[in-house]
Amino acid sequence: MIEIRNVSQRFAGPQGWIEALHNVNLTIPPGEVFGIIGRSGAGKSTLVRTLNLLTRPTEGDIVVNGRTLTSLSSADLREARREIGMIFQHFNLLSSRTVFDNVALPLELAGVKRAEIEATVLPLLELVGLTAQKDRYPSQISGGQKQRVGIARALASKPKVLLSDEATSALDPETTRAILDLLRKINRELNLTIVMITHQMEVIKQVCDRVAVLDAGRVVESGPVIDVFLQPHHEVTRALLGDVIAQELPPALKARVAEHLAKGSGHLLRLAFKGTGVDQPVLSETIRRFELDFNILHGQIDEIQGQAFGSLAVLAGGDPLKVAQAMAWLREQGVVVEELSHVE
Ligand SMILES: Nc1ncnc2c1ncn2[C@@H]1O[C@H](COP(=O)(O)OP(=O)(O)OP(=O)(O)O)[C@@H](O)[C@H]1O
Ligand SMILES: [Mg+2]
């Protein structure tokens, strides 16, 4: 478990203080993949660097597995840091060392004997799928393979926590998926807590159990990924979600809907479902019960961490009172209903 308690971080800038983190509080449960997302400059890298005290927070505490890192002596901190591995966007491999020797490096530095190093590194190379490449140099392998080396190296000191700062940002979508699948596998098999820093909602959707949204150094939203997808509260979350699920109608469709709404009465609704709500004939039931006209304008069914998730834009026509009743009934069925616009 990682606890970030009242963490603030200020840097001296040319025009005064920069508050990179402002009173951040987060609890990261053990064994989860926890995503931290935000735009460029939101404070993501600063936050991940405070987690292992690469930068010491100006205020607040970091507690990892019950140990308050912020109050440890430097010797104890070095020891505690061994439980925290890290992977990076640009891999940070040593070009003069082979794949094997890059993974072995942290063990060599810790004074581990050669036989023990081999006994640790070879299974790790197997785990990340690099056994055949073990004697190659970084210049002789692909970006995805480099990140696999980075992951194996981070795992060499048997950490309990893995911090990942934009580890897939330099990779193409297919390689990204493969690396994210590998991280998920490691999370499950080794029961490793993973903190994923990213600016891509797609990454959050693919591997994270929980997400926190950071904006201008503050946590503006956090929760289980499916809940945040169902009902995003903050505009930054909505904007970031726009890459993965449509938050607005396509412009051409919007113009036609506006025309339609201007002519008569109607309600433009966004419905979001999770789990069985997607499969059940909730919509047809609503239409029958409340004698409404439902026109589906836009829809998307997806899967998040094995749970079905759907988002629909619907034009509802009929008695306004019945539309209101239908909205209340849909909410009772666990559907998130949001009115985008309406004309009476
Ligand atoms: N060492 C530093 N000295 C001064 N300002 C800093 C320092 N590190 C970060 N900052 C500032 O803190 C803010 C947050 O930076 P940070 O690197 O954490 O953002 P980020 O969310 O990781 O962005 P990106 O997505 O571009 O990597 C920025 O305004 C940045 O300029
Ligand atoms: Mg960053």
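Residues that are under 8 Å from the mean Cα position of the chain (by Cα) and not hydroxyl-bearing (Ser, Thr, Tyr) were ranked within the range 182-201; the one that is surrounded by the most Cβ atoms within 10 Å (Cβ to Cβ) is Met196. The number of residues in the range 157-175 being of a type outside the set (A, V, I, L, M) and either within 12 Å of ligand 2 (Cβ to nearest atom) or touching a helix residue (DSSP H, G or I) at 6+ places or on another chain (Cβ under 6 Å) (or both) comes to 7. Can you name every residue in the range 82-108 that is more than 19 Å from Leu162 (Cα to Cα) and either of a type in the set (Gly, Ala, Ser) or without any contact (Cβ under 8 Å) to a residue 24 or more places away in the chain (or both)? Across the range 82-108, the qualifying residues are Ser95, Ser96, Asp101, Glu108. Contact map, the range 36-48: residues that are in a loop (DSSP other than H, G, I, E, B) paired with residues that are acidic (Asp, Glu) and more than 6 Å from ligand 1 (Cβ to nearest atom), Cβ distance under 8 Å, separation 6+ or inter-chain. Pairs shown: Gly38/Asp215; Arg39/Asp215; Ala42/Asp215. Within the range 12-30, being under 23 Å from Phe88 (Cβ atoms) and either loosely packed, with under 15 Cβ neighbours inside 10 Å or away from ligand 2 (no atom under 13 Å from the Cβ) (or both) holds for Ile18, Val24, Leu26, Ile28.
Taking the stated definitions as given, is Asn52 surrounded by fewer than 14 Cβ atoms within 10 Å (Cβ to Cβ) and either modelled with pLDDT of 95 or more or in contact with a strand residue (DSSP E or B) (Cβ under 7 Å, 6 or more places away or on another chain) (or both)? No; evaluated as a whole, the condition is false for this residue. Leu297: surrounded by 14 or more Cβ atoms within 10 Å (Cβ to Cβ), out of contact with any Gly (no Cβ under 9 Å at 6 or more places or on another chain) and not aromatic (Phe, Trp, Tyr), yes or no? Yes. Taken together, Ile117, Ile141, Ile151 contain a single residue that is modelled with pLDDT of 95 or more and within 25 Å of the chain's Cα centre (by Cα), which is Ile151.
The values are calculated or read from the model by the stated rules, or taken from the named source; none is laboratory data. What you see is a predicted model, and the numbers here were worked out from it, not measured in a lab. Backbone-built Cβ (ideal geometry, glycine too); neighbour counts: all protein chains shown.
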